[in-house]
1. Could you check how much of the accessible area of the stretch 131-178 is carbon and sulfur, as a whole percent, using a 1.4 Å probe?
2. Distance cut-off 26 Å, Cα to Cα: go down the list 327/633; 224/462; 611/632 and report the pairs above it.
3. Quick one: 3J(HN,Hα) in Hz for the stretch 275-282, Karplus 6.51/-1.76/1.60 with θ = phi - 60°, rounded, Gly and Pro as x.
4. To test your reading of the geometry: what angle, between 0 and 90 degrees and rounded to tens, separates the Cα axis of helix 575-584 from the longest principal axis of the chain?
5. Using the Cα centre as the reference, give the magnitude of the dipole from point charges on the C-beta atoms of the chain (Lys, Arg: +1; Asp, Glu: -1; all else neutral), rounded to the nearest 20 debye.
6. What trypsin sites (Lys or Arg not before Pro) in the stretch 80-160 are in a loop by DSSP, with at most 13 other Cβ atoms within 10 Å of the Cβ?
7. Of the accessible area of the stretch 367-518, with the probe set at 1.4 angstrom, what percent is carbon plus sulfur?
8. Can you tally the net charge around residue 273? Count Lys and Arg as +1, Asp and Glu as -1, for every other residue whose Cβ sits under 10 Å from the Cβ of residue 273.
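The values are calculated or read from the model by the stated rules, or taken from the named source; none is laboratory data. These numbers were taken from a predicted model, which means no experiment stands behind them. When we count neighbours, we look across all protein chains shown, and the Cβ atoms used for this are built from the backbone with ideal geometry, even at glycine. The protein model used for the area step is the full one, side chains on, heavy atoms only, and it has no ligands, DNA or RNA in it. Shrake-Rupley method; radii C 1.70, N 1.55, O 1.52, S 1.80 Å.
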Amino acid sequence: MAKVTLPDGSILEVVDGTTAKQLAEQIGPVLARSAVAAKVNGQLVDLSTPITTDTAVKIITLKDDEGLEIMRHSCAHIMAEAICSIWPDTKLVYGPTVEEGFYYDIDLDEMIRPDDFERIEEKMHEIIKADKPFVRKEMTRTEALAKLAADKYKTDNIKRADSNIISFYSHGDGFEDLCRGPHLPSTGKVGSFKIMSVAGAYWHGDPTQKMLQRVYGTAWPTKKELDAYLLRLEEAKKRDHRVLGKQLDLFSFNEAGPGFAFIHPKGMIIWNAIVDFWSSIHDKYGYQEIQTPIILNEQLWHKSGHWDNYKENMYFTNFDGTDYAIKPMNCPGGCLVYKTRQHSYREFPMRIAELGLVHRHEASGVMHGLFRVRQFTQDDAHIFCTPEQIESEIIGVIELTFEIYRTFGFDDFRIELSTKPEKHIGSDEIWDISTNSLKDALAQERIEYKINEGDGAFYGPKIDFHIRDCLKRSWQLGTIQLDFSMPQRFGLVYTDKDNTEKTPVMIHRAVLGSFERFIGILIEHYAGNLPLWLSPEQARILPISEKTNDYAINLQDKLTAEKLRCGCDLSNEKINAKIAKAHSEKLPFMLVVGPKEVQSNTVNVRIRAEKETKTIEIDKFIKITKQKIADKKVDLAF
Ligand SMILES: [Zn+2]
Ligand SMILES: [Zn+2]
């Protein structure tokens, strides 16, 4: 008999060799029906896996993220079978899951076109309807290599596998694919799916290799969820920041500088509003600010390790016979500032922020408006402290980060902690101290998080912050990274209590990541309807006719004197045309003024996205608006 510990802590005794599926049946018929896989001792496995020792087991359903991923990945196999049955020459490469879907890379000379999606989907429906079991078969690495010797892609996959037991999965008949698993118990467990697109992709992203075809799909437990997802995509298209950026005259790109954004006057107003807020909150949390050069001697980048690890993404230049690099990160500059004088433990923690302009050469294929650019401003900071101060510093960064996200209207966060990778520097002791400090800080703040075991940087563990926007899209923004390498490389020291010189702990952190990208996210999250405090033009006065132009001009002066960003439309257009124009520019407030308003010293306010208008005294409008700006309110109604 084996003792199985269930997630609720209860213990169930089962006969040795009982499969996870049978265990689910013992627990209850509802769970057995919805089960798709199991987690045995922390490892995801097929439902057919036997349980042979005392262990912890969780039955996985489509309600679990892991279950959804297993379904999507299983759907990739089904799509592969469908494609192979239509084009028997297809060579399969690999088919992982991605956020909200999956893809399969295939090598096929004939191009798959969107017109073909329907017949691939039809074939997939057949496979799903047949409800064929996913059957696992194992062999040794040597046997697997012999079996697939003629297939260079699968041979490569086997060589990259970290286990000596290699597994294959078949759909109960002829179709078989090399895969680590796990999968659904049978093809019929796939919910609703759709093939989304096809694109070229190099093998392992290497442009010297053959261009493959990458077929993307998505899969959801129900048709309703699939439809909701497709609707979200439609909505995202409407919110595309590249389209809105042009419509609202915020920024542009030019082939003279691919991947370098030109920020227009209205875009700069948003930018500066963010900088003002960013500076004030960093003041509040005890940061000091520095600025370091963009171009620095190449030798510095040898010392920092960027030359060895990041050279391909860096820009270089040469003058006066000396090689220079354009900084991809701000850290080395920060270290040089630190080294300009001696430091004592008494000064710690030192929190040094920098809005640093960095250049990173991204491949042209991955560029996407402001989301992926080659030049951006990073809201960076480096904290120098003692090991004992790590935990309280991390807490400070977490609180600062959350306050910033909430102010911008994001309150759906996800945190991930990445721990010591196999290849690392620094003693186990310092890794333990710092990883535990990160965990303790998260526990202290009562924050749930996911652990990415072994996924930290070689120089230290890290915490990543992800936010979800209104379309449920996830964005990684902030990061906190401990670094045991750079302070040593740069010979940074401080004098400790016992009068000896020690190496400080260095914490790298960014909250928004890239200003450019964050502005892109804001534009899409709000569909261009930015909160009042970020709006380039907060109000526009619209005189009904020439007769009220003087009143309108006086009013504009008054509002401008109160530091409100206010325009005035003195064109000869009819009032409805003026309203339509202001509407297309997504202005928060339109102030319509006619003879009635002149007489009563009021304005007629049209609030963005509201049908009703309101007549209100000018002073009152100023007071309300200024309060909303000061409070950074998202809601415009009053
Ligand atoms: Zn698989
Ligand atoms: Zn850094």
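1. Details: 1380 of 2670 Å².
Percent of accessible area from carbon and sulfur atoms in the stretch 131-178: 52.
2. In this structure, 327/633; 224/462 lie more than 26 Å apart at Cα.
3. 4, 4, 5, 4, 5, 5, 6, 6
4. Tilt of helix 575-584: around 40 degrees.
5. Values: 82 positive and 94 negative charges, 324 e Å.
Dipole size: approximately 1560 debye.
6. For trypsin sites (Lys or Arg not before Pro) across the stretch 80-160 that sit outside H, G, I, E and B with at most 13 neighbouring Cβ atoms in 10 Å, the list is empty.
7. Details: 2630 of 6150 Å².
Here it works out to 43 percent.
8. Here the charged neighbours net out to +1.
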